[in-house]
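Below: one structure, written as structure tokens.
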Amino acid sequence: MRQALGDLEVSTRGEGFFDVTRQVASWLQGQGAQNGLLTILCRHTSASLTIQENADPDVLTDLKTALHRFAPQDGRYVHDAEGPDDMPAHIRTMLTSATLSVPVRGGRMHLGTWQGVYLIEHRARPHERRLSLHYLGD
């Protein structure tokens with residue numbers, strides 16, 4: 001059993017879904033991973049992670065719309081230290097996830113046919129986001 005630790009930086013262009021599947025897969029390959037478990041942590045409270053469909057972009061559009069309904073920008077929040085998109089971003093992160101666990105088989109993430117790993121930027125302006133990666137396996 002061995003483990004590998006790493007970080008990925010992701011530049012966002014503002015709110016939206018950013019496919020990081022290739023970057024994560026490339027890191028995993030560089031570690032010589034075979035079979036094990038990959039854990040990914042988004043090190044922010046206003047961005048998150050998800051595994052979602054990567055074939056039809058309408059899915060991501062509808063998910064973004066749903067997140068806006070769950071945590072609207074005009075929700076009259078007490079916390080608004082960084083602007084009107086700040087508290088909705090925290091709520092959306094809580095509703096999604098800061099971490100993912102992905103099985104690794106034969107050196108590759110064992111995702112479904114139409115699945116990809118996405119960083120979800122919940123803030124309106126661009127950010128540099130950091131993902132922490134941990135592989136445990138052989």
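The values are calculated or read from the model by the stated rules, or taken from the named source; none is laboratory data. It should be emphasised that the depicted structure is a prediction, and the values quoted were computed from it without experimental measurement. No Cβ is skipped: glycine too gets one built from the backbone with ideal geometry, and neighbour counts run over all protein chains shown. Quick note on the areas: whole protein, heavy atoms, side chains included, nothing else; ligands and nucleic acids left out. Shrake-Rupley method; radii C 1.70, N 1.55, O 1.52, S 1.80 Å.
Counting protein heavy atoms only, the stretch 33-131 has 52 percent of its accessible area on carbon and sulfur, 1.4 angstrom probe. Taking amide H as placed 1.01 Å from N in the peptide plane, Val20 has its amide H under 5 Å from the amide H of Val117, Tyr118, Leu119, each at least 5 places away in sequence or on another chain.
For the chain, the solvent-accessible area of protein heavy atoms averages 57 Å² per residue (probe radius 1.4 Å; ligands and nucleic acids excluded). The modelled label-to-label distance between Phe70 and Glu128, using points 7 Å beyond Cα along the C-beta direction, is 2.9 nm.
Between Ala55 and Arg13, what length in nm is gained on full extension when 0.36 nm per residue of separation is reduced by their alpha carbon distance? Intermediate results must be reported in sequence, preceding the final value.
Details: separation 42, 0.36 × 42 = 15.12 nm, distance 2.10 nm.
Going from the current span to full extension adds 13.0 nm.
Taking Ser97, Ser46, Ser11 in turn, the Gaussian network model of the chain (Cα-Cα springs below 10 Å) assigns the largest fluctuation to Ser11.
Report the FRET efficiency, 1/(1 + (r/R0)^6), for Leu5 and Asp138, where r is their Cβ-Cβ distance and R0 is 22 Å, rounded to 0.05.
Details: r = 16 Å, r/R0 = 0.74.
After rounding to 0.05, the efficiency reads 0.85.
Across Thr113, Thr12, Thr21, mean-square fluctuation computed from a Gaussian network of the chain (C-alpha pairs under 10 Å connected) peaks at Thr113. Using θ = phi - 60° in the Karplus curve 6.51 cos²θ - 1.76 cosθ + 1.60, the 3J(HN,Hα) couplings for the stretch 92-97 round to 5, 5, 5, 6, 9, 6 Hz; x is entered for Gly and Pro.
A probe of 1.4 angstrom, applied to the heavy atoms of all protein chains, finds Ile91 with accessible area near 40 square angstrom. Considering only Gly116, Gly107, Gly30, the mean-square fluctuation computed in a Gaussian network model of the chain, springs between alpha carbons under 10 angstrom, is largest for Gly30.
Would you mind giving the average projected area, over all directions, of the Cα convex hull of the stretch 1-122 in nm² with one decimal?
Numbers: hull surface 32.4 nm².
The number I arrive at for the stretch 1-122 is 8.1 nm².
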